[in-house]
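Below is one structure; the comments refer to it alone.
Coordinate-derived values only; no laboratory data. Quick caveat: nothing in here was measured; it's all calculated off a predicted structure. Glycine also receives a Cβ, built like all others from the backbone with ideal geometry; neighbour counts cover every protein chain displayed.
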Number of protein chains: 2
Amino acid sequence: MKLRAVPFTQVSLEDDFWQPRQETNRRVSIPQSLDMLEQAGNLRNFELAAQGAREGYSGPVFMDSDLYKALEAVACSLATYPDPELDRRADAVIAQIASAQRPDGYLNTWYQINAPDRCWTNLRDDHELYCAGHLFEAAVAHYQATGKRSLLEVAMRFADCIDRVFGDAPGKRMGYCGHPEIELALVKLGRAVEEPRYLRLARFFVENRGRRFFAEEHGTPPDQYDGTYWQDDVPITEHNEVKGHAVRAIYLMSGVVDVAELSEDGAKLLSMADRVWHNTCEKRMYVTGGIGPSAHNEGFTVDYDLPNLTAYQETCASVAMILWNHRLNLLRGESRYADLMERALYNGFLAGVSLDGERYFYVNPLESEGGHHRRTWYSCACCPPNVTRTLASLGGYLYAQTDEDLYVNLYAQGTLQTALAGADVTARTQTRYPWEGDVRITFSLDRPVEFGLYLRVPDWCEGASLRLNDNANPVTAPQESGYLVLRRTWSDGDTVALSLPMPVLQIEAHPQVQADRGRLALQRGPLIYCLEACDHSVPITEIVIPRGASLTPRKTDLMGGIVVLQGQGGHAPAADWEGRLYRAAQPLPSVPVTAIPYYAWDNREPGAMRVWIPF
Amino acid sequence: MKLRAVPFTQVSLEDDFWQPRQETNRRVSIPQSLDMLEQAGNLRNFELAAQGAREGYSGPVFMDSDLYKALEAVACSLATYPDPELDRRADAVIAQIASAQRPDGYLNTWYQINAPDRCWTNLRDDHELYCAGHLFEAAVAHYQATGKRSLLEVAMRFADCIDRVFGDAPGKRMGYCGHPEIELALVKLGRAVEEPRYLRLARFFVENRGRRFFAEEHGTPPDQYDGTYWQDDVPITEHNEVKGHAVRAIYLMSGVVDVAELSEDGAKLLSMADRVWHNTCEKRMYVTGGIGPSAHNEGFTVDYDLPNLTAYQETCASVAMILWNHRLNLLRGESRYADLMERALYNGFLAGVSLDGERYFYVNPLESEGGHHRRTWYSCACCPPNVTRTLASLGGYLYAQTDEDLYVNLYAQGTLQTALAGADVTARTQTRYPWEGDVRITFSLDRPVEFGLYLRVPDWCEGASLRLNDNANPVTAPQESGYLVLRRTWSDGDTVALSLPMPVLQIEAHPQVQADRGRLALQRGPLIYCLEACDHSVPITEIVIPRGASLTPRKTDLMGGIVVLQGQGGHAPAADWEGRLYRAAQPLPSVPVTAIPYYAWDNREPGAMRVWIPF
């Protein structure tokens, strides 16, 4: 990795956009998620397992993972927002988890209750290694956030157990999980506790994937086996496209990036990841940064198949896009990955939770006839705790660094503390991003220190400019891999003012995207906008926004102070088509239009929504 | 029928548009079609049948019909363009046909050669009644054009034979043809020779259709039978949509209109025909007036499924649209049917033949990547003689009348002779239609006579105006069923000048037509235009014509003097999308564009073509 992330423990958010969301996350979403997990039986499953019960398990096979993800959210939140009640609650849950762990380190409540003698017999479907992965991630977060080793010890015991079972060495066996996750989690755990065995095990799971192991495991005749859904169709280095279940695919790709530098096949792995990345973001990604158009496989179909009304775009898949692109950004130090991270974060991901933090989307269409709404919880509850853990750890995605360079990947008001060139550096960012494109960073330093400051120029931005210490003349900074670079000796109190112009953009999709033909999306800054029924006097399906239409951003008090885009559209009444198939195109009567950020839809009166608007 | 057509024998075309096409038809296409039929064995089949041969049949089962259609074309051409050589050739062919007819009147060379004892055993697939229908049409045309009864006698003997076999009466059997045609042909024959048995037989075939007879004929279990392809899925009065094979569907609907006034179920039949008509032209018709999007069934699929690149739009199906809408126009005296007749004639149909009369399209896409071209002939040769017979009989579609009213449905320079209100009326039309919208009609009358003149206002026209006898002030004529009506006493030399403004129109399709989203078609007068590669400096797939773009009609010497539409479009290079899925919409560099009439494409350098152009 060229860069390392500045961890969320060293970043505090102090803005009007993310900070209230983290606060809502801590006060509403996280406690509610723990309540829901109690109600759904996730905790009870551990209690039963601890008691040696052989019946009474609740929920789907991957229930443990939801609890682990919720715990990860608690841990991340505690790091930046101390909360004794939440801390206590986490300790109780962790004790419960620890009590269920078998002496050999094995821990999976479904198998312990339902089939203790059949562990590791159905890796394809039963999510044992997937659940373990989420345990490892939660444990690392909890350890980093609180310094406590309680969950970390549980995780290490389970990792050791898995390491005794799987691997190349004599007496160990082949296998990998139907749902990737453990790969990236083992790397995280291995780095946190400096245990190379865990890194080697991650590498084993990645490198062997695609051996069509699931055919063998299930006795599927080779000519009848299609491993695409599980990314088990071709050897891992031979993927050319992103395929199958979206979350699985991108969790796997994240693990691929993590293990590449440990692998002898590292170059091949990264070259594969590049091909898949290009395919993903050039042919199979929504404008919101989300992925996976089809409900059928919760995943990918074919190039340019990006339906709007039936877009699946699972919230977890947007999380996966953040995870993967974050890793690629660290690997390469290129802004294009951070661009995608930003796109997925502010749009596909953020739509996943209501503004009040009480309801979640699992499925995120880009168009709705009015019947699609967030729900409090899901029987398959992967998305809600994925949202809470991502929001709680958000600070960790903002900055990256080397020993001598600081990269600013996401702009948000707040404070960073880190070490650069051997000196303690505090950077305070002031900005009203994403509503305004001015970013001011002030450094507090004990002594002058030389480092490079890399400021990302977002892909949506043209004409970024930079000023130093309020000098009237802009600085001409070289651009490198998508960053404006200021390498100099910094003194205490130095400020950098970055100006990112944020015009309203009309976005067009590649002509092969049939669903978006004749339509444009609205974007301002990192935010993709949409029309929602409650802002309009006519059905939004009858609204046209011509190419080049002038829409004006206007700051409001709505929904936490969103900026809406307002202007005149054309009204094309559906009734005018009654009994007609063709007609001469005529100028349309005008109608006022108001666009709101996509993430903010379905927070007011229920109604129709549309991202791609006919022009 | 409210109106009767003025037959093609009373109409001569003397214009620069149709007359040269009829001349090419007579000099090139018709003789060539007879040559091709000789080469393909169509004539030889009759020779073999006459000899009682039991082997040697050439071609598909419906070969006889192609010859009959070619003969119909010869006959119609002879009526307006006497041609002794063609007349002699027709007589020889007719003698050949007559010699093959069995003593009982039966005539089908496939069965006579291959399976003389199995006649009428596979009505679903074997086209016996279909071939008979084309014999009847050819016979009536030949009789009307030449006064000769040679082919008419053959036709009547065969019709009598069929009438002895099929019907409700004791000793007669159930059945109808898999390919409708005989229904409308029996009505034509019955009216020509005033034989009510033929009309009753037509009614029998129409009224019984949909009894799922083909399931019975082929022993198909009811739950496995899908008669949609043959319009045998529901009782004839219960169709709500146009379905199955396009030519079959619309030939049947033409027969339905023909028999409705003879049938006790006439009202129900017409109400069904109305539903099907609305479905056809409001949801399942190309802007060119053609029908049948799918090659799979040579027919219909679902509402609004109108792909361009893969449009099947068989030339014969455009002929069917002309036949059906002509009948509906006569039935109701409403212009909207003539509008569709015109649309299909000038576009979907006329594209079916090359300007030199030597090559034909069977399939008429609305977009081509450059590989689709007309051919000299087809092994399934239904289209070429359908083109020649339609062109040769074109005069018969121009005018309709009652005893007191004259309707002008299509505008073309030429002369009409008919009787109105008991007087001989000659009307001479002068116009440069379809290139210009001014139409001047001058009446020659022996004595003043009162009649109504109905001038169609085309659906594409706004602001039609009318002047009488070169008076400076326009006449205010009432509009009735889409016609401007001048009812008055006419004197010899009276002239009417109709002005139909012909601006360049940008046509949009119903928003449900996915294939045309974000695209507009160009129309001027009755002509739909297209872009063809050889007129452009950039690939036509990279050309955008913005909404409201100004295109100017320009008369040229190209291809018989077409009017092209010229102006500036935008150039959106495909290469600009390399590696991109979304981008901010920008103004495009301009590029000169030239549109030519759709019918005229593929007459110069082979290349790409596109009707629906992104805006």
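The figures follow:
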read-out: Intensity falloff of the range B:504-614 expressed as log10 I(q)/I(0), Debye formula with alpha-carbon point scatterers, at q = 0.10, 0.13, 0.24 Å⁻¹; value: -0.29, -0.49, -1.49
read-out: Cα gyration tensor of the range A:351-465 - equivalent ellipsoid semi-axes, whole Å, descending; value: 36, 18, 12
read-out: Average other protein chain Cβ within 10 Å of Cβ, residues A:580-591; value: 6
read-out: Average beta carbon contacts from partner chains per residue of A:517-524, 10 Å cutoff; value: 3
read-out: For the range A:564-598 versus the range A:447-510, the gap between their alpha-carbon centres in whole angstrom; value: 40 Å
read-out: For chain B, calculated [θ]222 nm from helices alone, where every DSSP H run of n ≥ 4 adds -39500 (n - 2.57); value: -10500 deg cm²/dmol
read-out: Quotient of C-alpha Rg and 2.2 N^0.38 Å, computed over the range B:84-159; value: 1.15
read-out: Inter-part distance where the range B:1-53 and the range B:386-412 are each reduced to a Cα centre, Å; value: 17 Å
read-out: Cα-Cα pairs of the range B:257-297 separated by more than 17 Å (percent); value: 47 percent
read-out: Quarter of Cα convex hull surface for the range A:206-365, i.e. mean projection, nm²; value: 10.1 nm²
read-out: Ratio of Rg to Rh over the range B:150-260 (Cα coordinates, Kirkwood Rh, two decimals); value: 0.98
read-out: Cα→Cβ-extended label distance, 7 Å offset, between A:L468 and B:E238, nm; value: 8.5 nm
read-out: Cα extents of the protein assembly as shown along the three principal axes, largest first (Å); value: 114, 72, 48
read-out: Tail fraction, Cα-Cα pairs, the range A:4-147, threshold 28 Å, whole percent; value: 23 percent
read-out: The range B:206-251 versus the range B:540-561: alpha-carbon centroid distance in Å; value: 44 Å
read-out: Per-residue mean of C-beta atoms belonging to partner chains within 10 Å, peptide B:599-607; value: 0
read-out: Sorted largest first, extent of the range B:290-348 alpha carbons per principal axis (Å); value: 35, 21, 15
read-out: Long-range HN-HN contacts of A:G299 with modeled amide H, under 5 Å; value: A:A246, A:S294
read-out: Chain B, Cα convex hull volume normalised per residue, Å³; value: 164 Å³
read-out: Gyration tensor (alpha-carbon) shape descriptor, the range A:164-222, a/c threshold 1.5; value: prolate
read-out: P(r) tail fraction, the range A:98-213 - alpha-carbon pairs more than 17 Å apart, %; value: 51 percent
read-out: Binned Cα-Cα distances of the range B:48-121, short to long, each 5 Å bin given as a whole percent; value: 3, 15, 23, 22, 15, 11, 7, 3, 1
read-out: The range A:129-204: GluC sites (Glu not before Pro) falling in loop per DSSP and having at most 13 other Cβ within 10 Å; value: A:E194
read-out: Shortest-first nm distances, B:G579 label point to equivalent points in other copies (7 Å, Cα→Cβ); value: 5.5
read-out: Debye intensity ratio I(q)/I(0), log10, the range B:401-499, q values 0.10, 0.11, 0.16, 0.21 Å⁻¹ (C-alpha model); value: -0.24, -0.29, -0.63, -1.13
read-out: Ranked by how many other beta carbons lie within 10 Å on average, peptides B:184-192, B:156-164 from highest; value: B:184-192, B:156-164
read-out: Cα-based Rg / Dmax (Å) for the range A:474-536; value: 19.0, 54
read-out: Copies compared at A:D226 - label distances in nm, ascending, label defined 7 Å from Cα in the Cβ direction; value: 2.1
read-out: Shortest-first nm distances, A:D356 label point to equivalent points in other copies (7 Å, Cα→Cβ); value: 7.7
read-out: Cα gyration tensor category, rounded, prolate or oblate, for the range A:528-592 with a/c compared to 1.5; value: prolate
read-out: Chain B residue with Cβ closest to the axis mapping B onto A, distance in whole Å; value: B:G518, 1
